[in-house]
Amino acid sequence: MGHSSLTPKNFEKLLLFIENHSDKTDGLMPILHEAQDIFGYIPLEVQKFISDKTGVSVARIHGVVTFYSQFSTEPKGEHVVGVCLGTACYVKGAQAILQKLKEELGIEPDQTTSDGKYSLVATRCIGACGLAPVITIDDDVYGKVDPTQVSSILNKYN
Ligand code: FES
């Protein structure tokens, strides 16, 4: 992972998308979604590229990227660990699980471990309230999680 997604091929892919959307007045959001999909994150280098091709200022692009949580300026880790902080999960002790995850991974939400292995994100309700408290790792969902189970769950991804 790391910065390996910033390849000429991916920039070409994004350029193609921008060219196909240049007639739309509200083109920035779809372009940013596409960039997030292609690169996995939207670093300054990509923001500048989009600015060059669209004429939208880097400041405006940067503002949008940092405002919406679905965009990220940092590369995501190999595994994305989500902890649901929705009401049901919160009531069932999600904070203790988040605390445990922070200790185990040594990072705060929205950060990635230095080896690039894990990113930690706090999420809203993922619609599995019956299983509260819930954590997700990539596409896997773990329900009724107890803080003591956190390290063994993470170990499956090592
Ligand atoms: S509140 Fe966590 S799944 Fe609904």
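Looking at the stretch 85-97, can you tell me whether even one residue there is more than 16 Å from the ligand (Cβ to nearest atom) and of a type outside the set (A, V, I, L, M, F, W, C)?
no
Among the listed residues GLU34, GLU12, which satisfies the condition of being without any contact (Cβ under 8 Å) to a residue 40 or more places away in the chain, buried (at least 17 other Cβ atoms within 10 Å of the Cβ) and more than 24 Å from TYR118 (Cβ to Cβ)?
Values: GLU12 fails: buried (at least 17 other Cβ atoms within 10 Å of the Cβ).
Matching residue, one of GLU34, GLU12: GLU34.
Among VAL80, VAL58, VAL46, which is more than 30 Å from CYS125 (Cβ to Cβ) and in contact (Cβ under 8 Å) with a residue 40 or more places away in the chain?
VAL46
Give the number of residues within the stretch 86-107 that are out of contact with any Pro (no Cβ under 6 Å at 6 or more places or on another chain) and of a type in the set (Lys, Arg).
1
Would you point out the residue of the stretch 77-107, among those that are of a type in the set (Asp, Glu) and modelled with pLDDT of 95 or more, that is surrounded by the most Cβ atoms within 10 Å (Cβ to Cβ)?
Only one residue fits best here, namely GLU104.
Scanning for something farther than 23 Å from SER69 by Cα, touching a strand residue (DSSP E or B) at 6+ places or on another chain (Cβ under 6 Å) and either near the ligand (Cβ under 9 Å from one of its atoms) or not aromatic (Phe, Trp, Tyr) (or both), does the stretch 134-151 turn up at least one residue?
Within the stretch 134-151, one or more residues are farther than 23 Å from SER69 by Cα, touching a strand residue (DSSP E or B) at 6+ places or on another chain (Cβ under 6 Å) and either near the ligand (Cβ under 9 Å from one of its atoms) or not aromatic (Phe, Trp, Tyr) (or both).
State yes or no: is SER5 of a type outside the set (Lys, Arg) and surrounded by fewer than 14 Cβ atoms within 10 Å (Cβ to Cβ)?
no
Considering only the stretch 137-156, state which residues are in contact (Cβ under 8 Å) with a residue 24 or more places away in the chain, under 13 Å from VAL81 (Cβ atoms) and open to solvent by 30 Å² or more (accessible area, probe 1.4 Å).
Residues satisfying the conditions are ASP138, SER151.
Just checking, how many residues over the stretch 99-133 are within 16 Å of the ligand (Cβ to nearest atom) and among the polar types (S, T, N, Q)?
Matching residues across the stretch 99-133 total 1.
Consider the stretch 46-76. How many of its residues are open to solvent by 80 Å² or more (accessible area, probe 1.4 Å), in contact with a Leu (Cβ under 9 Å, 6 or more places away or on another chain) and either within 18 Å of GLY116 (Cβ to Cβ) or hydroxyl-bearing (Ser, Thr, Tyr) (or both)?
Of the residues in that region, 1 qualify.
The values are calculated or read from the model by the stated rules, or taken from the named source; none is laboratory data. Since the structure is predicted, the reported quantities are computational estimates derived from the model, not experimental observations. Neighbour counts run over all protein chains shown; Cβ positions are idealised from the backbone, glycine included. For the accessible areas, the whole protein counts, side chains as well, though only heavy atoms, and no ligand, DNA or RNA atoms are used. Shrake-Rupley method; radii C 1.70, N 1.55, O 1.52, S 1.80 Å.
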